[in-house]
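Below: the structure, in structure tokens.
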Amino acid sequence: MFKKRNIKSLSDSELIQLSKTNQKYFGELYERYFDCIFRFVFRRLGGNETISGDLSQQAFMKAMVNISKYEDRGMPFSSWLYRIAQNEVNLFFRDNKKEFTIEIEERQFISILEEAEIGSYMSLEDQGKLMEMINKLGQEQLDLIELRFFQELSFKEIAEIYSITEANAKMKVYRILEKMNLNWKDKK
């Protein structure tokens, strides 16, 4: 078998196969992906570190328990983890009936503006209005914006998370952006 010092050099596929028969190998997958899953959950919860840690842990526990059901469909392993984490976040919101918001860095904000064809410069007042518009999106719409622009996932990875085609993922994102564009023009 593999020596402990070689675990870090194993591919995700090798670790997944080993984890299916021995859960100790799942620890390396946890180490590789915990930070990105935590950041995703943290943003979805508006920066609540404690709950983000708990939900991230729950997502990894579910992944470890269900690793034997994981099938490689040509997508990164992280797509499967994002889907589990998204489900945990959705359960949390459903159980707690909390509002959800997202924080946007300037680079990401400009990217959304350009994709929605709103322009790349706006006043602080306009930025505030656009943030209100984004925060009024439905949960799935916010999730799609989050995955595409903040987690910077490809449409293929988003499709895997939602179990839809890549074309459908792209269409959903661009419909959201189109809706934002139309709403923006109506407000002007």
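The values are calculated or read from the model by the stated rules, or taken from the named source; none is laboratory data. Please read all numbers here as calculations on a predicted model, not as lab measurements. No Cβ is skipped: glycine too gets one built from the backbone with ideal geometry, and neighbour counts run over all protein chains shown.
Consider residue 7 carefully, then state whether it is touching a Phe, Trp or Tyr at 6+ places or on another chain (Cβ under 9 Å), assigned to a helix (DSSP H, G or I) and farther than 22 Å from residue 151 by Cβ. Lay out the reasoning, then the answer.
On the way: touching a Phe, Trp or Tyr at 6+ places or on another chain (Cβ under 9 Å): yes; assigned to a helix (DSSP H, G or I): yes; farther than 22 Å from residue 151 by Cβ: yes.
Answer is yes for this residue.
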Within the stretch 130-183, track down each residue that is small (Gly, Ala, Ser) and not in a helix (DSSP H, G or I). 138, 154, 163
Given the condition touching a Lys or Arg at 6+ places or on another chain (Cβ under 9 Å) and not in a helix (DSSP H, G or I), answer yes or no: does some residue in the stretch 26-43 qualify? no
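Counting just the residues of the stretch 34-69 that are among the polar types (S, T, N, Q) and within 21 Å of residue 162 (Cβ to Cβ), which one comes out nearest to the chain's Cα centre (by Cα)?
Of the residues in the stretch 34-69, the ones among the polar types (S, T, N, Q) are 48, 50, 52, 56-58, 66, 68.
Those left that are additionally within 21 Å of residue 162 (Cβ to Cβ): 56, 58, 66.
Working: 56: 12, 58: 16, 66: 20 Å.
Taking the candidates together, the pick is 56.
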Please indicate, with yes or no, whether at least one residue in the stretch 70-89 is modelled with pLDDT of 90 or more and more than 21 Å from residue 161 (Cα to Cα). no
What are the pairs, 6+ residues apart or on separate chains, where a residue within the stretch 129-158 that is among the basic types (Lys, Arg) has its Cβ under 8 Å from a residue that is at pLDDT below 80 and in a helix (DSSP H, G or I)? 129/187
Tell me, yes or no, whether the stretch 148-160 has at least one residue that is of a type in the set (A, V, I, L, M) and surrounded by fewer than 16 Cβ atoms within 10 Å (Cβ to Cβ). no
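Identify, please: which residue in the stretch 44-56 is assigned to a helix (DSSP H, G or I) and small (Gly, Ala, Ser) and is, among those, nearest to residue 78 (Cα to Cα)? Reasoning before the result, please.
Initial filter on the stretch 44-56 (assigned to a helix (DSSP H, G or I)): 44, 49-56.
The next check asks that each one be small (Gly, Ala, Ser); those that pass are 52-53, 56.
Values: 52: 17, 53: 17, 56: 13 Å.
The qualifying residue nearest to residue 78 (Cα to Cα) is 56.
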Among (1) surrounded by fewer than 13 Cβ atoms within 10 Å (Cβ to Cβ); (2) in a helix (DSSP H, G or I); (3) not acidic (Asp, Glu), the one test that residue 59 misses: (1)
